[in-house]
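Written out below as structure tokens is the structure these notes cover.
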Amino acid sequence: MYTIGGLCLQGCVRMTLMICFNEPIEITKKFNGLSTREGGAEARKYLLNCLNTENNIIIDLGNINLSPSFADECIGRLVEAIGLDQFRARVKLVNVSVSSRTLLKLVIYQRAKLTS
């Protein structure tokens, strides 16, 4: 199985990850509007830029409860942009709140279906 922010997905492998700017990207400290699509779009664009310069990134979600809009716009559309396999290989989510885990699984797989 793959583990994404404590979420176990099928076919888990362990990977050594490089971190963008040598530290986790702390979403809660870097972006405002963590409950809006606009905030999610801003965060996604930043994460895509990191992925253009780094092999892998760690996204620290700060144990906050993500809104469906932010989760879909940021993480779901990130999966749509780079594909599920690349997301699994290059992105690690940490400090994911219990309530956000189910939401993230849903948006990841919904967006992954759109690209397959």
Residue under evaluation residue 65, criteria (1) outside any helix (DSSP H, G or I); (2) under 15 Å from residue 23 (Cβ atoms); (3) not aliphatic (A, V, I, L, M), criterion not met
(2)
Yes or no: residue 103 at pLDDT 95 or above and among the aliphatic types (A, V, I, L, M)?
yes
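Conditions tested, residue by residue: (1) more than 14 Å from residue 44 (Cα to Cα); (2) of a type outside the set (Gly, Ala, Ser).
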position: 56; (1), (2): yes, yes
position: 60; (1), (2): no, yes
position: 68; (1), (2): yes, yes
position: 76; (1), (2): no, no
position: 86; (1), (2): yes, yes
position: 89; (1), (2): yes, no
position: 110; (1), (2): yes, yes
position: 114; (1), (2): yes, yes
If we keep only residues of region 41-72 that are open to solvent by 20 Å² or more (accessible area, probe 1.4 Å) and among the acidic types (Asp, Glu), then the residue modelled with the lowest pLDDT is 54
Members of region 94-115 found to be assigned to a loop (DSSP other than H, G, I, E, B) and among the small types (Gly, Ala, Ser), listed by number:
97
Whichever residue in region 1-30 is surrounded by 19 or more Cβ atoms within 10 Å (Cβ to Cβ) and part of a strand (DSSP E or B) and, among such residues, is modelled with the lowest pLDDT:
4
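If a residue must be in a helix (DSSP H, G or I) and either surrounded by fewer than 15 Cβ atoms within 10 Å (Cβ to Cβ) or among the hydrophobic types (A, V, I, L, M, F, W, C) (or both), how many such residues does region 31-40 contain?
1
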In the set 104, 78, 114, which member is more than 10 Å from the chain's Cα centre (by Cα) and either of a type outside the set (Ser, Thr, Tyr) or under 21 Å from residue 30 (Cα atoms) (or both)?
114
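The values are calculated or read from the model by the stated rules, or taken from the named source; none is laboratory data. Computed from a predicted structure; not experimentally measured. Note: ideal-geometry Cβ built from the backbone for every residue, glycine included; neighbour counts use all protein chains shown. Surface accessibility is based on the protein's heavy atoms, side chains included, excluding ligands, DNA and RNA. Shrake-Rupley method; radii C 1.70, N 1.55, O 1.52, S 1.80 Å.
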